[in-house]
Amino acid sequence: MDRGSSPPSWGTLVLVPLRSRLSLFASLARALDVMSGRSVDEVVNRGVNPLYHLRRLGDAGSGHALVAENAKVQNHNLENFFFNRPGAPDRFAIASLTDADRELLRTSAKTVWLSRTSLDEHIAKHPEVGVADYAKVPDLLRDGEVWAGPQERRFVLLKIDGKPYRAALKIDASGTEAWFLSLIYNEKQKPPKGAVRIR
């Protein structure tokens, strides 16, 4: 190669002393694995339960990966429940309630449940509402308008998210359980007559 010609571009080469590599990867075998072309992530995490790292992320206050993993698991479980696959439970935790939600809805419940019976009845009446729509229930609860009544301890949620939805939930008489009742498309975006907006 001439002195004036450019060397081939192979990316950035960083020379790390062997002692530093051993310190970084905790063993010669791991350091050699990385130097032979394996990714650092693959080498460092080999044999480690992925949930350990997710828990650590949550513990460190950076729960983005944990939230994403939980969302994947939640959507998978929702599909199993929606399609009543073998092993599907009789009720499903469709959403969680924050402290502010619980105060607004006057309940001590931390979970909003969807029962198998309610879902089956609703699918029969509204086959146009699918599992992807039910996956938006937490968003409806977080971002939607909340209307109380007109029936005691029943609430309506309204939101337009590409589609206009109307959802209903109820709090049991003891105030300790929250149940999701229905989810429909509602073009008019009107609450039931007599309902009062509380958020």
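The values are calculated or read from the model by the stated rules, or taken from the named source; none is laboratory data. Source: prediction; values computed, not measured. Glycine gets a Cβ as well: all are built from the backbone with ideal geometry, and neighbour counts include every protein chain shown.
The table below gives the values:
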{"quantity": "Residues (charged (D, E, K, R) and touching a residue at least 24 places away in the same chain (Cβ under 8 Å)) located in region 167-187", "calculated": "Glu177"}
{"quantity": "Test: Leu157 is under 22 Å from the mean Cα position of the chain (by Cα) and surrounded by 14 or more Cβ atoms within 10 Å (Cβ to Cβ)", "calculated": "yes"}
{"quantity": "Residue in region 135-154 that is more than 29 Å from Lys193 (Cβ to Cβ), within 20 Å of the chain's Cα centre (by Cα) and at pLDDT below 95 present", "calculated": "yes"}
{"quantity": "All positions within region 177-191 that are modelled with pLDDT of 90 or more and not aromatic (Phe, Trp, Tyr)", "calculated": "Glu177, Ala178, Leu181, Ser182, Leu183, Ile184"}
{"quantity": "Residue in region 111-120 that is touching a strand residue (DSSP E or B) at 6+ places or on another chain (Cβ under 6 Å), surrounded by 13 or more Cβ atoms within 10 Å (Cβ to Cβ) and without any contact (Cβ under 8 Å) to a residue 60 or more places away in the chain present", "calculated": "no"}
{"quantity": "Arg106, sole failed condition from (1) touching a strand residue (DSSP E or B) at 6+ places or on another chain (Cβ under 9 Å); (2) exposed (fewer than 13 other Cβ atoms within 10 Å of the Cβ); (3) over 19 Å from Arg199 (Cα atoms)", "calculated": "(3)"}
{"quantity": "Residues that are assigned to a loop (DSSP other than H, G, I, E, B) and in contact with a helix residue (DSSP H, G or I) (Cβ under 6 Å, 6 or more places away or on another chain), drawn from region 73-94", "calculated": "Ala88, Asp90"}
{"quantity": "Answer from Gly130, Gly144 - the residue that is touching a strand residue (DSSP E or B) at 6+ places or on another chain (Cβ under 7 Å) and free of Cβ contacts under 8 Å to residues at least 60 places away in the same chain", "calculated": "Gly144"}
{"quantity": "Count of residues meeting criterion [closer than 15 Å to Asn80 by Cα and of a type in the set (A, V, I, L, M, F, W, C)] in region 114-131", "calculated": "4"}
{"quantity": "Odd one out for Ser174 among (1) at pLDDT 85 or above; (2) surrounded by 15 or more Cβ atoms within 10 Å (Cβ to Cβ)", "calculated": "(2)"}
